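Enquirer: I'd like to ask you about the structure that follows.
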Amino acid sequence: MRQLIDGKWVFEDESFAGENGKFDRPDTDFRNWITPDGSKGPDGEKGFKAEKDRYHLYVSLACPWAHRTLIFRHLKGLEDLISVDVVHPHMMDKGWTFESDFAGATGDSLYDKNYLYEIYQKAAPEMSGKVTVPVLWDKKEETIVNNESADIIRICNTAFNDITGNTDDFYPDEYKGEIDKINKRVYETVNNGVYKVGFATKQDVYNDEVRTLFESLDWLEQILSDGREFLVGEQLTEADVRLFTTLVRFDAVYYLHFKCNVNRIADYKWLQRYLERLYDLESIKPTVNLTHIKKHYYYSHGNINPTRIVPEGPVLTWYEGE
């Protein structure tokens with residue numbers, strides 16, 4: 001386990017599963033909000049005021065959770081408001097690093113730190129918990145606003161509308177109930193489901209998790225089988241973005257590396273068409289970097305892939321590369 005304990009970095013081993021053989025994703029630690037006027041968030045969270053050039057994202061191009069936030073940054077036209085740093089795809093005994101010797105990795109432009117955990121230490125010197133991406137950072141107060149991707153994309157969806165004039169809504173009122181319902185199953189059994197499969201250390205646990213994963217993929221295939229373009233209504237919503245970032249990694253990584261090999265996404269008629277259609281959107285395509293994705297997963301998980309060899313394939317005919 002890699003984590004901070006009482007403000008100090010601790011690396012014990014590369015396993016992500018508990019003694020029961022199951023992977024349980026820990027909760028995120030920073031759940032504050034950005035609002036137009038700095039008032040409290042929707043559930044009473046501490047509010048930070050939406051301002052240009054005040055906020056910064058620390059992301060990995062490999063991480064599906066961070067990928068969501070990059071997509072929303074593009075969808076909502078926030079490129080000039082929220083700056084970005086990209087960590088190195090390797091995640092070893094020091095966790096995410098700011099080494100910049102890999103194309104697309106930027107280093108830490110704010111503080112010239114070496115490791116992401118040092119950013120967490122700066123925000124909360126005595127914290128205990130996981131050091132994850134994405135991180136939404138406040139340059140003014142020099143602290144972490146939020147490190148939960150589901151929150152960050154909703155912050156991006158509305159907080160800066162008065163500044164940008166972009167009022168596109170990817171979590172519209174009329175579809176919130178349906179979006180929440182789909183999000184719940186997709187998160188538990190697909191987004192996080194691939195990790196539950198890949199990090200399982202007991203056969204019976206793996207069997208249960210892989211069955212659940214593919215039951216949900218079959219369910220999603222059925223939803224899309226009438227030729228609809230999106231999961232909910234007739235527009236792109238956050239439900240599509242949240243699913244896309246798992247689908248786009250599936251055949252290249254999860255199928256082989258995480259043993260999610262009952263089917264490829266390419267074996268699903270409607271899911272594959274849906275994946276390609278979303279990938280072709282101008283706000284999504286530039287955010288996809290399969291070089292970072294493959295390098296991170298195959299190289300960083302020595303307990304799963306001890307040789308750290310990154311496979312050459314598969315050939316994905318729809319992918320245009322970096």
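Enquirer: Spelling out what I want: for every residue of the range 2-9, take phi, set θ = phi - 60°, compute 6.51 cos²θ - 1.76 cosθ + 1.60 (Karplus), and round to whole Hz; glycine and proline get x.
Expert: Once rounded to whole Hz, the list reads 10, 5, 8, 10, 6, x, 10, 6.
Enquirer: Roughly what % of DSSP beta bridges within the range 29-166 run antiparallel, to the nearest 5?
Expert: Values: 11 of 19 bridges.
Once the DSSP bridges in the range 29-166 are tallied, antiparallel ones form about 60 percent.
Enquirer: Bin by bin, in steps of 5 Å, what percent of the Cα pairs in the range 210-302 do you find, going until the bin that has the longest distance?
Expert: Bins of 5 Å from zero give 2, 12, 24, 25, 19, 12, 4, 1, 0 percent of pairs.
Enquirer: For PHE11, PHE230, what ranking results if the residue with the fewest other Cβ atoms within 10 Å of its Cβ goes first? Walk me through the numbers on the way to the answer.
Expert: Details: PHE11 12, PHE230 16.
Going from least to most buried by this count: PHE11, PHE230.
Enquirer: Dimensions of the range 126-283 along principal axes (Cα, Å, largest first)?
Expert: Result, largest extent first: 48, 46, 27 Å.
Enquirer: Next question. With the dipole of the chain worked out from charges on the C-beta (+1 for Lys and Arg, -1 for Asp and Glu) around the Cα centre, which of PHE160, VAL205, PHE102 lies farthest toward the positive end?
Expert: Positive-most Cα among the choices belongs to VAL205.
Enquirer: Charges only on Cβ, +1 for Lys and Arg, -1 for Asp and Glu: so what's the dipole of the chain about the Cα centre, in debye to the nearest 20? Before the final figure, lay out each step's value.
Expert: Details: 39 positive and 55 negative charges, 92 e Å.
Charge dipole of the chain: 440 debye, to the nearest 20.
Enquirer: Over the range 2-164, what is the mean sequence separation of C-alpha contacts under 8 Å (at least six apart), divided by residue count, expressed as relative contact order in percent? Show your work: numbers first, answer last.
Expert: Values: 317 pairs, mean separation 48.1, N = 163.
Contact order relative to length: 29 percent.
Enquirer: Let me ask something else. Compactness ratio of the range 2-164: Cα Rg over 2.2 N^0.38 Å, N = residue count?
Expert: After normalising by residue count via 2.2 N^0.38 Å, the value is 1.03.
Enquirer: For the range 93-156, state which trypsin sites (Lys or Arg not before Pro) are in a DSSP loop and have at most 12 other beta carbons lying within 10 Å of their beta carbon.
Expert: Values: sites: LYS94, LYS113, LYS122, LYS130, LYS139, LYS140, ARG154; in loops: LYS94, LYS113, LYS130, LYS139, LYS140.
In loop regions of the range 93-156 (DSSP not H, G, I, E or B), the sparsely surrounded trypsin sites (Lys or Arg not before Pro) are LYS140.
Enquirer: Can I ask one more? Residue farthest toward the positive end of the dipole of the chain, with Cβ of Lys/Arg at +1 and Asp/Glu at -1: which of GLY129, ILE304, THR317?
Expert: Farthest towards the positive pole: ILE304.
Enquirer: Would you mind counting up the charge near ASN289? Only other residues with Cβ under 10 Å from its Cβ, with Lys and Arg at +1 and Asp and Glu at -1. Mind dumping the intermediate values first?
Expert: Numbers: positive: LYS294, LYS295; negative: GLU322.
So the environment of ASN289 carries a net charge of +1.
Enquirer: Which of the lysines could be linked to LYS8 by a straight reach, that is with a Cα gap under 16 Å, when you skip same-chain ones fewer than 8 residues away?
Expert: LYS94, LYS113, LYS122, LYS130
Enquirer: Charges at C-beta only: +1 for Lys and Arg, -1 for Asp and Glu. How large is the resulting dipole of the range 2-164 about its Cα centre, in Debye rounded to 20? List each step's numbers first, then the result.
Expert: Numbers: 20 positive and 29 negative charges, 93 e Å.
With Lys and Arg at +1 and Asp and Glu at -1, about 440 debye.
Enquirer: How far is it, in nm, from the label point at GLU312 to the one at LYS122 when both lie 7 Å from their Cα along the line to the Cβ?
Expert: For GLU312 paired with LYS122, the spin-label model returns 4.2 nm.
Enquirer: Counting DSSP beta bridges with both partners in the chain, what percentage is antiparallel, nearest 5?
Expert: Working: 17 of 25 bridges.
Of the beta bridges lying entirely in the chain, close to 70 percent run antiparallel.
Enquirer: Taking the Cα centre of the range 173-287 as origin, sum charge times position over the Cβ atoms of Lys and Arg (+1) and Asp and Glu (-1), and report the length of that vector in debye to the nearest 20. Mind dumping the intermediate values first?
Expert: Numbers: 16 positive and 21 negative charges, 96 e Å.
Here the range 173-287 has a charge dipole of around 460 debye.
Enquirer: Sticking with this one: Which whole-number percentage describes the relative contact order of the chain, with Cα contacts under 8 Å and a sequence gap of 6 or more?
Expert: Details: 550 pairs, mean separation 62.7, N = 322.
Once normalised by length, the contact order is 19 percent.
Enquirer: Counting other Cβ atoms within 10 Å, which GluC sites (Glu not before Pro) in the range 168-229 have at most 16 and lie in a DSSP loop? Don't jump to the answer; show the numbers that get you there.
Expert: Working: sites: GLU174, GLU178, GLU188, GLU209, GLU215, GLU221, GLU229; in loops: GLU229.
Counting only loop positions with at most 16 other Cβ atoms within 10 Å, the GluC sites (Glu not before Pro) in the range 168-229 are GLU229.
Enquirer: Also: How far apart, in nm, are the 7 Å Cα→Cβ label points at GLU12 and ASP204?
Expert: 2.4 nm
Enquirer: If you take every residue apart from ILE304 with its C-beta less than 11 Å away from the C-beta of ILE304, what net charge results, scoring Lys and Arg +1 and Asp and Glu -1?
Expert: On the way: positive: LYS259, ARG308; negative: GLU14.
With Lys, Arg at +1 and Asp, Glu at -1, the net is +1.
Enquirer: OK, next. Taking the alpha-carbon centroid of each part, what is the distance from the range 74-129 to the range 206-241 in angstrom?
Expert: Going from one Cα centre to the other spans 32 Å.
Enquirer: Now, a different point. Could you give the radius of gyration (one decimal) and Dmax (whole number) of the Cα atoms in the chain, in Å?
Expert: Taking only Cα atoms of the chain, I get Rg and Dmax of 19.0, 53 Å.
Enquirer: Please state the relative contact order of the range 163-322 as a whole percent: Cα pairs under 8 Å, 6+ residues apart? Intermediate values should be presented prior to the final figure.
Expert: Details: 145 pairs, mean separation 32.8, N = 160.
Reported relative contact order: 21 percent.
Enquirer: What number does the range 121-161 give for Rg over Rh if you use C-alpha atoms and the Kirkwood radius?
Expert: On the way: Rg = 11.4 Å, Rh = 11.3 Å.
Rounded to two decimals, Rg/Rh equals 1.01.
Enquirer: Turning to a different aspect of this structure: Let me check I've understood the local charge: for TRP96, count other residues with C-beta under 15 angstrom from its C-beta, Lys and Arg +1, Asp and Glu -1. What total comes out?
Expert: Taking every Cβ under 15 Å from that of TRP96, the sum is -1.
Enquirer: How would TRP219, TRP96 line up from fewest to most surrounding beta-carbon atoms within 10 angstrom?
Expert: Values: TRP219 14, TRP96 28.
Lowest count first: TRP219, TRP96.
Enquirer: Could you check what % of the DSSP bridge pairs in the range 54-125 are antiparallel, to the nearest 5? Could you put the intermediate results ahead of the total?
Expert: Numbers: 3 of 8 bridges.
Antiparallel: roughly 40 percent of the beta bridges in the range 54-125.
Enquirer: Neighbouring Cβ atoms within 10 Å as the yardstick, rank TYR111, TYR299, TYR274 fewest first. Provide the component values of the computation, followed by the final result.
Expert: Working: TYR111 13, TYR299 18, TYR274 25.
Ranking TYR111, TYR299, TYR274 by Cβ neighbours within 10 Å, fewest first, gives TYR111, TYR299, TYR274.
Enquirer: Here's something else I'd like to know. Among PRO26, SER83, ALA66, whose Cα sits farthest toward the positive end of the charge dipole of the range 1-89 (+1 at Cβ of Lys/Arg, -1 at Cβ of Asp/Glu, about the Cα centre)?
Expert: So the residue furthest toward the plus end is SER83.
Enquirer: Length gain on complete extension for the stretch ASN305 to LYS94, per 0.36 nm per residue less the alpha carbon to alpha carbon distance? Present the calculation step by step, with values, prior to reporting the outcome.
Expert: Numbers: separation 211, 0.36 × 211 = 75.96 nm, distance 1.83 nm.
Taking 0.36 nm per residue and subtracting the Cα distance, the gain is 74.1 nm.
A short reminder: the numbers here are calculations on the coordinates, not readings from a lab. These numbers were taken from a predicted model, which means no experiment stands behind them. Note: ideal-geometry Cβ built from the backbone for every residue, glycine included; neighbour counts use all protein chains shown.
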